[in-house]
Ligand code: SF4
C-alpha cells in the first residue's frame, strides 16, 4: 500500500505464432516492427520517468514473447528505464522467454543489463500436450534455455505449467512437475486453462478432448499437494515457490502496491488511480491512457488479499476498512469454513486449495 516504490511492467507484444488458447495482445513482427515498437516504448518510458519520482524496485518484461525481439533491444529498453527512473540496486528484474526463442537468446547480455529472473513459458513436459497447445518448443528446448540462463548467472527461474490441457492426466501432470523439480526451478506458476472467447480453443472446442471441470479440479488439487511434497509452497492461487522466491513484482498486484504498465493492453495502478492502454498500437504510440477510476477500495482489498494463500489479516482489515466490514466478513465466512473451503487461523482468513477452485463465487457472496 502507501509506499514510494513502483513496479514497472513492460509489454512486448510480439510472438512467432498465436497459441490457440491465448487472448493476450500479441502479433507477429519483423525486425523493422521490433525497432519501431522499441522506439515508441522508449518514448513512453521517458514520458513516465518525468512524471514520477517513485523508486522502481521491480521490473517485469512480459508479453507476448519478449525474447523474440532479441537481447540488444531488451538491453536498450532496460538502459532507457534506468536513465528515466530511479531503479533500486536490489530490484527484481524479470523477463519472460519462450523456450523456442530462448535457446538462441543472449541471456548473458541481458543479465549484464540487470535481468536477474526469467520466466519460461514451458506449459508442459509432455510432447503431445505441447502440440495440442500449439507450442513451438520441445522439452529439450526448455533444458537448453535453462542451461543458458543459469550460465548467464541468472539463478531465479520460473516455469509455467498449465492444467486442463486436452488429454492431460494426473500422470502426465506429475511428469511435468517432476521435470520442473529436476530442473531446479525456483518458482512455478501453474494455471488452469481458461477458454477465452474468440480463441481457437473456443471456436473449435468440440475438436479437443478437454478434461471436464471435475477432472481439472482434481488436477489442480493434485498439483498443490505434489508441489508441496517437492518443496514448492503455494503463495497464491496459481503460484508456488521455494522459500524466498515469491515473485516480488506479481505480489504488488495482490497487495495494492503501485505499478505502471507500459504497452498496448497494459494496466496500471498508480497513486490510487487505475488506468490502462487500449489493445491498440496507435493509442500506445500517442500515449493515450484510459481512465478506470480509483482503485484499492474495500472490495478490491478483500478480493486481492484472498488470492494469497496467507489470505487476509482480519486485524489489519479492521484497521483499514473498519470494524463493520471485518466482522461481517468473519461471520459470512463461517459456512465456508465449515465446508473446508476457507480457514481462519491466528486472525487470518484464507482459502483452502479446494476453496481457491470456487473462490469467485465465494467472493461474490462475501463482498
Ligand atoms: S507465446 Fe504466450 S503470448 Fe504468445 S501467443 Fe502464445 S501464449 Fe500468447
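FYI, it's all coordinate maths here, none of it is from the lab. From a predicted model like this one, the values you see are computed outputs, not experimental measurements. Heads up, the Cβs are rebuilt from the backbone with ideal geometry, glycines too, and the neighbour counts pull from every protein chain shown.
Extension gain residue 150-residue 17, at 0.36 nm per residue separation less the Cα-Cα distance, in nm? Intermediate results must be reported in sequence, preceding the final value.
Values: separation 133, 0.36 × 133 = 47.88 nm, distance 2.68 nm.
Result: 45.2 nm gained on full extension.
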If each residue of separation counts as 0.36 nm, what is the full-extension length gain between residue 43 and residue 299 once their alpha-carbon separation is subtracted? 88.6 nm
Nitroxide proxy distance, nm - points 7 Å out along Cα→Cβ at residue 215 and residue 55: 5.1
Averaging sequence separations of C-alpha pairs under 8 Å and six or more residues apart, then dividing by the length of the range 45-180, give the relative contact order as a whole percent. 24
Quick one: work out Rg over Rh on the C-alpha atoms of the range 1-140, Rh as Kirkwood radius. 0.99
Which of 117, 51 comes first, and how do the rest follow, when ranked by fewest Cβ neighbours within 10 Å? 51, 117
Indicate, rounded to the nearest 5 percent, the antiparallel portion of the DSSP beta bridges found entirely in the chain. 40
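So what is the relative contact order of the chain, in percent, for Cα pairs below 8 Å that sit 6 or more residues apart? Mind dumping the intermediate values first?
Values: 663 pairs, mean separation 54.4, N = 367.
In percent, rounded to a whole number, it is 15.
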May I ask you to work out the translational diffusion coefficient for the range 212-367 at 25 °C, viscosity 0.890 mPa s, via Stokes-Einstein with Rh from the Kirkwood sum over Cα pairs, reported in whole µm²/s? 142
Mean Cα-pair separation over length for the range 212-367, i.e. relative contact order, pairs under 8 Å, 6 or more apart, %: 16
The range 167-267 - convex hull of alpha carbons, volume per residue in Å³: 141
Evaluate the distance, in nm, between pseudo-label points positioned 7 Å from the Cα of residue 288 and of residue 86 along their respective Cα→Cβ axes. 3.4
Mind checking Rg over Rh on the range 298-367, alpha carbons, Kirkwood formula for Rh? 0.91
For the range 5-253, build the convex hull from the C-alpha positions and give me its volume per residue in Å³. 121
What is the order of 163, 27, 303, fewest Cβ neighbours within 10 Å to most? 27, 303, 163
Modelled FRET efficiency - R0 30 Å, residue 194 with residue 320, Cβ distances, 0.05 increments: 0.45
